[in-house]
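Derivation of every value follows stated rules applied to the coordinates shown; laboratory data play no part. Everything quoted here is computed from the prediction, not taken from an experiment. Here the Cβ positions follow ideal geometry from the backbone for every residue, glycine too, while neighbour counts run over all protein chains shown.
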Amino acid sequence: MTDTSAWLPDQTTTGAWVPDETDTTRPSAARVYDFLLGGGHNFAADRAAAARIEQVLPNARRVARSNRAFLRRAVRYMASQGITRFLDLGSGIPTVGNVHEIARDANPDSRVVYVDFESVAVAHSRLLLDGDERTAVVEADLTDPDTVLADEDVRALLDTDEPVGLLLVAVFHFVPDHKDPAGLVHKYLSALPAGSLAAISHLTADHDPEGMAEVAETMATSPNPMFFRPLGQITPLFAGLDLVEPGLVDADLWRPEPGSTDPEDPARGVYAGVGRVRR
Ligand SMILES: C[S@@+](CC[C@H](N)C(=O)[O-])C[C@H]1O[C@@H](n2cnc3c(N)ncnc32)[C@H](O)[C@@H]1O
């Protein structure tokens, strides 16, 4: 697996990964998450927001890492099921263990289309993947599925009989109820070839309502307000999927690898599951 940390720039550096139109004065979800994961693509406003979040949620870094580790295991699982095509919606800023790197460990021909609407995430992904003909980076809002699904790179990925791995990881808590999260998932699932798999994770306030309410307040004035949902509202996102074992669980408990987590003390705060698209 490629270790991208070696070329991560200093946090104060600007360059091609910072498009001119980027608003560096307000925190963005992609950059706050990057900071919590130990990345270098973030600005003072993002670090200040992360500091406020960590004050009320001391395990924020642990939860972020737990989610990212779930993403890696889910991709590995999908690859083990023969999936070589991935559509990653809300892909974020590239960090160690990107989807194409993990997928290619299993099958070097794997193809990945990354989709995000955050300028730094898109610019940095394009820098990383420049010249890689089996990956594409699309700048689009996933709450507009007609536009996403009409994109030529997305169509090229989906317009075959080969099953696809759809990744909706740590993204639906940015989608408000009025955008109909379950309806959006349904629309994307309907566009997938038979045999496809989907991975979904979602932050919840179930275990720390007060702390998460303050996190939501911190992000409320950012371009990415957050909507933490209880398990009962996350379960419907999986309506079109036959969940594989162990179902919808704390991310740390989804097929943990030996030594990766203490089953008696999982990080709490993000639910995750993988399912096979029902036809
Ligand atoms: C917390 S990061 C998750 C990144 C990656 N999926 C992971 O789990 O490691 C959430 C990402 O979703 C993106 N995002 C949020 N709402 C989005 C939307 N409506 N359309 C596209 N991307 C979105 C953010 O810009 C951010 O990069």
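Where both partners of a DSSP beta bridge lie in the chain, what percent of those bridges are antiparallel, to the nearest 5? Mind dumping the intermediate values first?
Working: 12 of 30 bridges.
If we restrict to bridges inside the chain, about 40 percent are antiparallel.
Could you list 235, 84, 147, 160 in order of exposure, starting from the residue whose Cβ has the fewest other Cβ atoms within 10 Å?
Neighbour counts put them in this order, fewest first: 160, 147, 235, 84.
How large is the direction-averaged shadow of the alpha-carbon convex hull of the chain, in nm²?
Hull-based average projected area comes out at 13.7 nm².
In nm, give the distance between the simple-model label positions of residue 141 and residue 51, each being 7 Å from the Cα along the Cα-to-Cβ direction.
In this crude spin-label approximation the distance works out to 3.2 nm.
Can you put 226, 219, 78 in order of Cβ neighbours within 10 angstrom, beginning with the fewest?
226, 219, 78
With 10 angstrom as the radius, rank 41, 124 by how many other C-beta atoms surround their C-beta, starting from the fewest.
Fewest-to-most Cβ neighbours within 10 Å comes out as 41, 124.
Can you run phi through the Karplus equation (6.51, -1.76, 1.60; θ = phi - 60°) for the range 175-182 and list ³J(HN,Hα) in whole Hz, with x for Gly and Pro?
9, x, 4, 5, 8, 6, x, 5
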